[in-house]
Amino acid sequence: MGKRKEFIGIVISDKMQKTVIVRTMRLTKHQKYSKTIKKYVKFKTHDESGIAKTGDTVRIEETRPLSKDKHFRVVEVIKKAQTVEKQSRELEK
């Protein structure tokens, strides 16, 4: 059995129940001009416990189809996003 795909991305939406949308980025070279280009892909991802919030960096892993569009799940939250409140306190210091 093959290894499951794993990506690291940023949560861009957490408005659904038990689902977050994660945006991943990869670098590719343009075939003709050889310039490095950033390509983004969005995945609907299952988040059973609801730990991932908008702005968090998460690791996602491929799983069996959970719905029409959902075939990834959140494995772990790598980095929590700074909230606006936290940022304003740091600026005051």
In deg cm²/dmol, rounded to the nearest 500, the helical mean residue ellipticity at 222 nm of the chain, built from -39500 (n - 2.57) for every DSSP H run of length 4 or more, is -2500 deg cm²/dmol
In nm, the gap between the two label points placed 7 Å beyond Cα toward Cβ at residue 81 and residue 67 is 1.9
Restricting to lysines and to Cα separations under 23 Å from residue 15, and discarding same-chain partners fewer than 8 apart, the set is 42, 44, 53, 68, 70, 79, 80, 86
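Using the Cα centre as the reference, give the magnitude of the dipole from point charges on the C-beta atoms of the chain (Lys, Arg: +1; Asp, Glu: -1; all else neutral), rounded to the nearest 20 debye.
Details: 25 positive and 12 negative charges, 123 e Å.
Roughly 600 debye for the chain.
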Semi-axes in Å, largest first, for region 6-92 (Cα gyration tensor, √(5λ)) are 25, 22, 10
Descending packing, highest mean Cβ count within 10 Å first, for 75-83, 8-16 is 8-16, 75-83
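So if R0 is 30 Å, what FRET efficiency would residue 33 and residue 6 give, r being the distance between their Cβ atoms, rounded to the nearest 0.05?
Working: r = 30 Å, r/R0 = 1.01.
Plugging the Cβ-Cβ distance into 1/(1 + (r/R0)^6) gives 0.50.
Since every read-out is calculated from the coordinates, none of them should be taken as a lab result. Computed from a predicted structure; not experimentally measured. Backbone-built Cβ (ideal geometry, glycine too); neighbour counts: all protein chains shown.
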